[in-house]
Amino acid sequence: MNKVILMGRLTGDPEVRYSQGSEPVAVAKYRLAVNKRFKREGEPDADFINCVAFGKQGEFAEKYLKKGMQIAVSGRLQVRTYDDKNNQRQWITEVVIEEQDFAESKSSFESRMANAPREPRQDRGAPPPAYEPEGFSAIAESIDDDDLPF
């Protein structure tokens with residue numbers, strides 16, 4: 001069985017391209033920073049996992065996912081190789097996304113982004129635009145876990 005489940009934050013906006021052909025398919029690539037539960041001194045606090053989403057999942061990523069969002073994904077681990085410009089064999093390990101879901105509320109994300117320190121880079125634009133998936137609405141923060149049906 002090949003099943004991967006991760007929850008982390010996007011390190012950047014998804015990079016989306018469309019395949020060529022009579023019916024183009026969206027291919028979204030992004031990286032998740034997944035916090036380590038335990039870490040040794042001198043090690044990074046997170047693992048950085050490459051993810052790729054095809055078709056409708058790729059279109060969803062393009063439309064709704066933004067840098068800094070916390071998401072949960074599931075999919076399968078894929079290892080592939082290619083030869084680079086110098087004819088050196090390169091190995092890539094990535095998660096092929098089957099499902100991706102928001103793991104924080106819209107208001108939590110927007111609040112965090114509004115309060116985030118600004119990087120002193122020249123190319124930094126406005127904060128990411130708000131997202132509102134069609135057919136979904138945020139759950140009120142005042143709801144107790146006891147009121148939820150699951």
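The values are calculated or read from the model by the stated rules, or taken from the named source; none is laboratory data. Model, not experiment: these values are computed from the prediction. Counting neighbours? That spans all protein chains shown, and the Cβs are built from the backbone with ideal geometry, glycine included. Surface accessibility is based on the protein's heavy atoms, side chains included, excluding ligands, DNA and RNA. Shrake-Rupley method; radii C 1.70, N 1.55, O 1.52, S 1.80 Å.
Once the piece of chain linking K67 and R37 is laid out straight, how much longer is it, given 0.36 nm per residue of separation minus the C-alpha distance between them?
Numbers: separation 30, 0.36 × 30 = 10.80 nm, distance 2.21 nm.
Working it through step by step, the gained length comes to 8.6 nm.
L6 accessible area, nearest 10 Å², 1.4 Å probe?
About 30 Å², rounded to the nearest 10.
How charged is the neighbourhood of D45? Take every other residue with its Cβ under 10 Å from the Cβ of D45, and add Lys/Arg as +1 and Asp/Glu as -1.
Summing Lys/Arg as +1 and Asp/Glu as -1 gives 0.
Run through every distinct alpha carbon pair of segment 1-100 and return the Kirkwood hydrodynamic radius in angstroms, one decimal place. Walk me through the numbers before you get to the answer.
Working: mean 1/r = 0.0682 Å⁻¹.
Computed over Cα pairs of segment 1-100, the Kirkwood hydrodynamic radius comes out at 14.7 Å.
Does a label point 7 Å from the Cα of D13, set along Cα-to-beta-carbon, have any residues of segment 54-86 with amide nitrogen under 16 Å, and which are they?
59-69
Using the Karplus equation 6.51 cos²θ - 1.76 cosθ + 1.60 (θ = phi - 60°), what ³J(HN,Hα) coupling, rounded to whole Hz, does each residue of segment 20-26 give in order, writing x for Gly and Pro?
8, x, 5, 10, x, 10, 6
With a point put 7 Å past each Cα toward its Cβ, work out how far I5 is from R80 in nm, to one decimal.
Result for the modelled spin labels: 2.7 nm.
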